[in-house]
Every structure is written in C-alpha cells, then in structure tokens.
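S.K.: Have a look at this one before I ask anything.
The values are calculated or read from the model by the stated rules, or taken from the named source; none is laboratory data. Computed from a prediction, not measured in an experiment: that's the story for all the values here. Because the Cβ atoms are built from the backbone with ideal geometry, glycine has one as well, and the counts that use them run over all protein chains shown. Side chains included, ligands, DNA and RNA excluded: accessible areas come from the protein's heavy atoms. Shrake-Rupley method; radii C 1.70, N 1.55, O 1.52, S 1.80 Å.
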Amino acid sequence: MIDSTAEWNALRAEADGQLAKTLRERFASNPGRASELSIEVDGLHGDLSKHLIESSTVEALVALANAAGLKDKIEAMYSGEHINSTEDRAVLHTALRLPKGSSLTVDGQDAAADVHAVLDHMASFSNDVRSGAWKGHTGERIKTVVNIGIGGSDLGPFMAYRALEAFRHESIECRFVSNVDGTHLHQALTGIDPASTLFIVASKTFTTLETLSNARSARAWLLDRLGGDEAAIAKHFVALSTNAEGVAAFGIDTANMFEFWDWVGGRYSMDAAIGLSVMIAIGAENFADMLAGFHSMDTHFRTAPLDQNLPAMLGLIGVLYRNFFDWPTHGVLPYCQLLDRFPAYLQQLDMESNGKQTTLDGKAVVYDTGAVVWGEPGTNGQHAFYQLIHQGTTPVPVDFIGFYEPDFPEVDHHDALIANLFAQAEALAMGKTGDEVRSEGVADELVAHKTFPGNRPSTMLMAPRLTPFVLGQLVSLYEHRTFTQGVIWGVNSFDQWGVELGKVLAKAIIPELEDGSIELAHDSSTNALIANYRAHHNR
Ligand code: F6P
C-alpha cells in the first residue's frame with residue numbers, strides 16, 4: 001500500500017517541517033512566491049502560494065504521485081482501460097468532450113463518434129425546443145422544462161443551469177426535481193402549464209426509486225390535465241439513460257431517448273446526455289463552449305508535468321492535508337452567487353468517488369481517504385461559519401473561486417465582492433498576532449480573543465468571467481483532482497457500493513410502513529420507529 005513506500009515516509013518528514021513554518025515567514029522570505037506557486041490553464045489562474053508548501057514539498061508530492069503511478073493511470077483512463085475494476089468498466093468522461101472528428105476506439109466501438117452522434121441529436125432537439133418548432137400535444141411551444149433525476153442526474157445539470165443564468169434562453173425556464181419527498185415535485189409543478197411543459201426523465205440506470213416515483217407522478221399529473229390521451233407522452237416526455245429497455249418499459253418512446261454509456265459515471269455525466277436541460281437552456285453553441293472548457297483542462301491534466309499540473313497539485317495538496325496533517329474537511333467557497341450549487345455538486349463528485357475504505361485489490365485501507373467536502377458562496381459564509389475557519393481548533397483548507405467580471409453588471413457590487421474574497425484569503429493566511437492586536441490599544445483580557453492564528457491555507461482560482469468554457473474548466477479540474485487523490489489512495493473512484501445498503505433496506509421498509517400486519521424483524525429502534533409511524537396512520 002502507498003503508506004509503506006519510501007515516498008510516503010519522505011513526505012511525512014517533509015510535512016512535519018512545513019507545519020512548523022508560517023505563511024508569513026514564507027512570503028517574507030520569498031517575494032517571488034506567488035508567481036512561483038501559480039499555475040495558469042487557458043485563462044484560469046490557480047494561486048497555490050497560500051498553501052503550506054515549498055518547492056521541496058512539491059517535489060515530495062510529485063514523488064508520491066510517481067510512486068502511485070499517476071501518469072500511467074491517467075493514460076489508462078484516457079485510453080479506455082477498464083480502470084473501474086469492481087464494475088469492469090472503462091472510465092471515459094474525458095471522451096465526452098473530445099473535439100468533433102476525434103476518434104477513440106473502446107471495446108471495439110468509436111466512443112468519440114458515438115458521443116458526437118448523441119450531441120448532434122441533442123442539438124437538433126434543443127434547437128427545436130428553443131425555436132418553438134417542438135410543440136406539445138395541444139400545439140403549444142415549450143416554456144417549462146422539468147428535469148427529473150437525482151444524484152449525478154440532477155446535481156450537475158442543476159448546478160450548471162444556475163451557473164450559466166446569463167446565457168439562458170429568455171422564455172424557457174428549467175426546474176429540477178430530485179427528492180422523493182412529494183413536496184419537491186409539488187413545488188416544481190406549481191404554477192406551470194402542462195400543455196407547455198417538457199419532462200426530462202434523467203436516470204443512467206432507469207431503476208432509481210426517487211426518479212421513477214417522480215416520473216410516474218409527473219406522468220399522471222400531465223395525463224390528468226391533458227385529457228388522458230396517452231399520445232401526449234411522446235410530446236412531453238423524453239429520457240436520458242443508458243437503459244433503453246427500462247425507458248421503453250416506462251412508456252417513453254426510445255426515439256425520444258438520448259443515450260449515454262456505462263463508461264460514464266453518474267457523477268461524471270453532466271456533459272453527456274444528462275446535460276440536455278442545460279443545452280436547451282443555453283443552446284448548443286454555448287454547450288459546445290462548455291465542452292471545450294472541459295477539454296482544455298483534460299488536455300492540461302494529461303500533458304502538463306505534475307509539478308505544473310493544476311488538478312494533480314490540488315489533489316496532492318489535499319492528500320498532504322488529509323493524511324499528514326489530519327485535517328478532515330475541505331471547503332469550497334465561490335465568490336459568485338451563480339455557483340451556489342457548485343459545492344453540492346462537488347460533494348457527490350468527491351465524496352461518492354473517494355469515500356472508500358477498500359483498496360483496488362480488496363484490502364482495508366490503513367490511512368484516511370476522502371475528506372468531507374462542503375461549502376457555500378461568499379460573502380454569505382463569512383457571516384455564518386467563517387468564524388470557525390479563522391479561529392476554530394482544526395484548520396480547514398479551502399478553495400476560493402472568483403471572477404474578474406460579474407455576469408450581471410447592472411448592479412455593480414463587484415469590487416466589494418472581490419475585495420472580500422482577497423481579504424479572506426489574506427486574513428486566513430496571515431492572521432493577526434497578539435502584538436498587533438495589543439498595538440491597537442485592545443485591553444489585555446481581550447487580546448487572545450481578537451488574535452488570529454493565521455497559517456490557514458487556501459487555493460485561489462480566478463477566471464475572467466463565469467462563461468460556459470470556464471465552467472467546463474472548473475468541473476474538469478475537480479474531476480481530475482478527485483482522480484488524483486483516488487490514485488494516491490489506491491481506491492476505485494468510480495464505483496459507489498456504499499449507497500446500496502440503504503436503498504435495499506428502504507425497499508424492504510416501504511411495504512412494512514404500508515401494511516401493519518407485516519411482522520417486524522429489525523433492531524428494536526427501527527421496529528419502534530416503524531410501529532410509531534404505522535400507529536400515526538392507523539395501520
Ligand atoms: O445512489 C447513487 C447513485 O447511483 C449515483 O451514483 C447516481 O448519480 C444516482 O444514484 C442516480 O442514478 P441514476 O442516474 O441511475 O438514476
């Protein structure tokens with residue numbers, strides 16, 4: 001395992017040294033630090049200089065990556081080897097953004113050609129919806145698109161729809177329903193006109209309880225309001241899936257299905273057919289720009305030397321903090337309201353990928369793996385949880401994300417927003433010493449309260465503007481950061497067996513809630529909870 005390599009042990013010694021040195025000292029002793037520790041990728045600027053690293057740390061991290069075979073594993077992924085070994089699948093989300101005309105043969109099939117055939121199908125359908133050529137059952141044009149999906153079939157498109165508000169079609173609104181809590185569908189259907197609504201049922205497997213429950217209820221709602229004519233389904237329901245049989249069994253014509261493949265993981269699928277709602281909202285050209293942004297970062301990750309490789313360095317620095325400093329969480333703090341769902345999207349991407357305790361060869365890991373990922377947009381977070389980031393007992397490494405230009409400049413608060421962004425990173429890094437506090441005339445008994453330890457690390461990601469291209473770059477950056485960490489930890493970042501047990505138990509409990517005569521054989525706590533629920537409903 002990686003922890004028994006010389007490189008891991010060397011990194012431990014290196015890490016101990018780095019923890020003892022402050023960011024104040026580092027910046028004071030090296031005026032070139034910011035430029036030496038920054039990486040630029042096609043206009044996306046990553047400043048890593050506020051991390052607890054020196055060039056010796058970068059070397060030790062790269063040595064660890066080499067010991068784990070990161071470069072070879074990147075090649076294995078990009079070339080379609082079955083690196084998702086527990087499911088015997090290739091992992092080819094990078095093929096989703098290969099430029100038109102590329103070719104990539106995987107398992108005897110040209111994946112790049114397949115991808116572009118589906119993109120063309122999506123483009124022609126979304127052009128029709130956007131132009132009004134696609135009509136509902138009663139001849140109305142589509143004004144509302146409701147995406148029904150969960151996890152990777154919801155978080156990515158929902159995040160991107162919100163992020164790219166400035167690029168949206170002015171008279172088509174998209175809504176997103178994920179939770180099996182009926183309130184969510186109720187909210188999505190409130191105030192919309194069935195005659196001008198298109199439902200997109202998004203499910204890789206087409207077996208997911210939440211999605212199928214919501215899709216069935218949406219179908220009943222539509223038929224009820226459009227006179228019960230089943231022919232309406234073809235005009236108001238499309239599916240995004242890898243499971244044509246499941247789609248047909250649900251009653252959606254497979255001609256209205258946009259396919260993807262088992263080599264696209266759910267949480268890596270927002271740029272596959274799962275992005276149809278986004279393409280309808282922003283148009284095929286903007287969607288293509290987003291794919292170009294993904295591809296720009298993919299190319300960088302594949303070709304840049306590891307010490308100049310932004311996703312790899314972010315992943316490796318995360319390993320340093322998780323495994324050598326024992327810091328359990330990772331904050332993502334976009335100074336951009338449009339990225340309000342970005343942390344939630346990253347939670348699935350990262351935690352479902354690397355929340356693992358078994359190595360690829362089936363052994364129990366003996367070191368920590370995935371950190372808890374969380375976050376909120378600034379400046380709101382500043383007035384909520386930043387207290388803990390500044391003065392709490394366990395440092396929280398964070399990623400800040402900002403843009404030089406706002407997407408909606410009419411209300412011009414941008415300088416204030418960005419001043420806060422830069423100030424937070426500076427305050428976290430530099431802190432404020434007791435002497436500095438005292439020199440302001442603060443009473444002795446308050447000095448400790450007003451002192452900031454500093455030395456709290458952050459990444460600063462800056463781009464000119466939140467365009468589709470930049471969003472693609474950002475998502476790809478985090479996909480590859482996640483991959484890098486999975487390679488170091490030796491886990492399979494592309495399965496998610498940990499979500500299965502709860503699903504199976506929920507399926508067993510549904511009939512037990514409905515039928516009071518079923519004998520219960522759970523633990524006494526679960527039995528009592530079910531009994532109380534039944535009693536409440538007189539079952
Ligand atoms: O439960 C987890 C999960 O399998 C995710 O990995 C996936 O993104 C989500 O459920 C939805 O799955 P599907 O797209 O097959 O409905």
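S.K.: If you place +1 on the Cβ of every Lys and Arg, -1 on the Cβ of every Asp and Glu, and leave all else neutral, what size is the dipole of the range 215-259 about its Cα centre, to the nearest 20 Debye?
M.R.: With Lys and Arg at +1 and Asp and Glu at -1, about 180 debye.
S.K.: Also: Obtain the nm distance between the two label points defined at Lys432 and Ser55 by a simple spin-label model: each point lies 7 Å from its Cα along the Cα-to-C-beta direction.
M.R.: Spacing of the two 7 Å Cα→Cβ label points: 3.6 nm.
S.K.: Restricted to Cα positions, what overall size does the chain have along the principal axes? Three whole-Å values, descending.
M.R.: That works out to 76, 61, 52 Å along the principal axes.
S.K.: Working from Cα positions, state the angle (0 to 90°, nearest 10) between the long axis of helix 414-430 and the longest principal axis of the chain.
M.R.: Long axis of 414-430 versus the principal axis of the chain: about 50 degrees.
S.K.: While we're looking at this one, here's another question. Give, in whole angstrom and from largest to smallest, the semi-axes √(5λ) of the equivalent ellipsoid of the range 351-396, with λ running over the eigenvalues of the Cα gyration tensor.
M.R.: In descending order the semi-axes read 32, 13, 4 Å.
S.K.: If I fit a long axis through the Cα atoms of helix 524-536 and take the longest principal axis of the Cα atoms of the chain, what angle between them do I get, 0 to 90°, rounded to 10?
M.R.: Tilt of helix 524-536: around 50 degrees.
S.K.: Looking at the range 270-421 from every direction and averaging, what is the projected area of its Cα convex hull in nm²?
M.R.: Computing the convex hull of the Cα atoms and averaging its projections yields 12.0 nm².
S.K.: Taking every alpha carbon pair in the range 70-122, what does the distance histogram look like in 10 angstrom bins from 0, in percent?
M.R.: Reading upward from the zero bin: 25, 51, 22, 2.
S.K.: Tell me, what is the FRET efficiency for Gln391 and Ser4 to the nearest 0.05, using R0 = 35 angstrom and their Cβ-Cβ distance as r?
M.R.: It comes out at approximately 0.40.
S.K.: Highest first, please rank the peptides 219-230, 161-172 by the mean number of other Cβ atoms sitting within 10 Å of their residues.
M.R.: The densest-packed peptide leads the list: 161-172, 219-230.
S.K.: Still on this structure: How big is the convex hull of the Cα atoms of the range 50-187, per residue, in Å³?
M.R.: Roughly 231 Å³ of hull volume per residue.
S.K.: If the label point is 7 Å along Cα→Cβ of Asp368, which residues in the range 470-494 have backbone nitrogen under 16 Å from it?
M.R.: Counting backbone N atoms under 16 Å from the label point, the list is 485-486, 489.
S.K.: Could you give the length gained by full extension between Ser517 and Phe408, i.e. 0.36 nm per residue of separation minus their alpha carbon distance, to one decimal place?
M.R.: So the extension gain works out to 33.4 nm.
S.K.: Report for the range 106-249 the percent antiparallel among DSSP-assigned beta bridges with both residues inside it, nearest 5.
M.R.: Taking every DSSP beta bridge with both residues in the range 106-249, the antiparallel ones total about 10 percent.
S.K.: Among the aspartates and glutamates, which have Cα under 15 Å from the Cα of Lys100 when same-chain residues fewer than 8 positions away are ignored?
M.R.: List returned: Asp110, Asp114, Asp120, Asp271, Glu285, Asp289.
S.K.: Moving to a separate point now. Pairwise over distinct Cα atoms, reciprocal of the mean inverse distance: report the Kirkwood radius of the range 265-307 in Å, one decimal place.
M.R.: This gives a value of 11.5 Å.
S.K.: For the range 388-399, in order, what is each residue's ³J(HN,Hα) by Karplus, 6.51 cos²θ - 1.76 cosθ + 1.60 with θ = phi - 60°, in whole Hz (x at glycine and Pro)?
M.R.: Couplings: 5, 5, 7, 10, x, 7, 10, x, 10, x, 10, 10 Hz.
S.K.: Apply the Karplus curve 6.51 cos²θ - 1.76 cosθ + 1.60, θ = phi - 60°, to the phi angles in the range 476-484 and return the couplings in whole Hz, x for Gly and Pro.
M.R.: 4, 4, 6, 4, 7, 4, 4, 4, 4
S.K.: Averaging over every viewing direction, what projected area does the convex hull of the Cα atoms of the range 180-269 cover, in nm²?
M.R.: 5.9
S.K.: Above 20 Å lies some portion of the pair distances; for the range 6-91, what is it as a whole percent of all C-alpha pairs?
M.R.: Across the range 6-91, Cα pairs with separations above 20 Å total 54 percent.
S.K.: Let me ask something else. Among residues other than Ala288 whose Cβ falls under 12 Å from its Cβ, what is the net charge (Lys/Arg +1, Asp/Glu -1)?
M.R.: -2
S.K.: Considering only DSSP beta bridges where both residues belong to the chain, give the percentage that are antiparallel (nearest 5).
M.R.: If I count the DSSP bridges inside the chain, around 30 percent turn out antiparallel.
S.K.: Bin width 5 Å, alpha-carbon pairs only: give the P(r) of the range 316-379 as whole percents, running from 0 to the bin holding the largest distance.
M.R.: Each 5 Å bin holds this share of Cα pairs: 4, 17, 22, 21, 18, 10, 5, 3, 1.
S.K.: Moving to a separate point now. Taking only protein heavy atoms into account and a 1.4 Å probe, give the accessible area per residue of the chain in Å².
M.R.: Ligands and nucleic acids excluded, the figure is 41 Å² per residue.
S.K.: Percent relative contact order of the range 53-133, based on C-alpha pairs within less than 8 angstrom and at least six residues apart?
M.R.: Contact order relative to length: 14 percent.
S.K.: Something else now. Could you list which residues have their amide H under 5 Å from that of Phe237, counting only those 5 or more apart in sequence or on another chain, with H placed in the peptide plane?
M.R.: When sequence neighbours closer than 5 places are left aside, the close amide H contacts are Phe199.
S.K.: Oh, and also: Taking only C-alpha pairs under 8 Å that are 6+ residues apart, what is the relative contact order of the range 74-225 in percent?
M.R.: Value for the range 74-225: 19 percent.
S.K.: I would also like to ask the following. Taking 8 Å as the Cα distance limit and 6 or more residues as the minimum spacing, I'd like the relative contact order of the chain as a percentage.
M.R.: About 19 percent, as a whole number.
S.K.: Continuing with this model, one more query. Could you give the radius of gyration (one decimal) and Dmax (whole number) of the Cα atoms in the range 139-197, in Å?
M.R.: Radius of gyration, then largest Cα-Cα span, for the range 139-197: 12.0, 33 Å.
S.K.: Along each of its three principal axes, how wide is the spread of alpha-carbon positions in the range 341-445, in whole angstrom units, largest first?
M.R.: 59, 46, 20
S.K.: Which value results when the Cα radius of gyration for the range 258-330 is divided by 2.2 N^0.38 Å?
M.R.: The reported ratio for this selection is 1.45.
S.K.: Ok, one more. Mind checking the dipole of the range 406-539: about its Cα centre, +1 per Lys or Arg Cβ, -1 per Asp or Glu Cβ, Debye to the nearest 20?
M.R.: In total the dipole reaches around 260 debye.
S.K.: Given Cα positions, please report Rg to Rh for the range 408-539, the hydrodynamic radius being the Kirkwood one.
M.R.: Ratio value, two decimals: 1.24.
S.K.: Among the listed pairs Lys363/Lys507; Lys135/Lys503; Lys21/Lys450, which have their C-alpha atoms separated by more than 32 angstrom in this model?
M.R.: Lys135/Lys503
S.K.: State the answer as a single residue: which of Pro397, Leu198, Ser277 lies farthest towards the positive end of the charge dipole of the chain, with beta carbon charges of +1 for Lys and Arg and -1 for Asp and Glu, about the Cα centre.
M.R.: Positive-most Cα among the choices belongs to Leu198.
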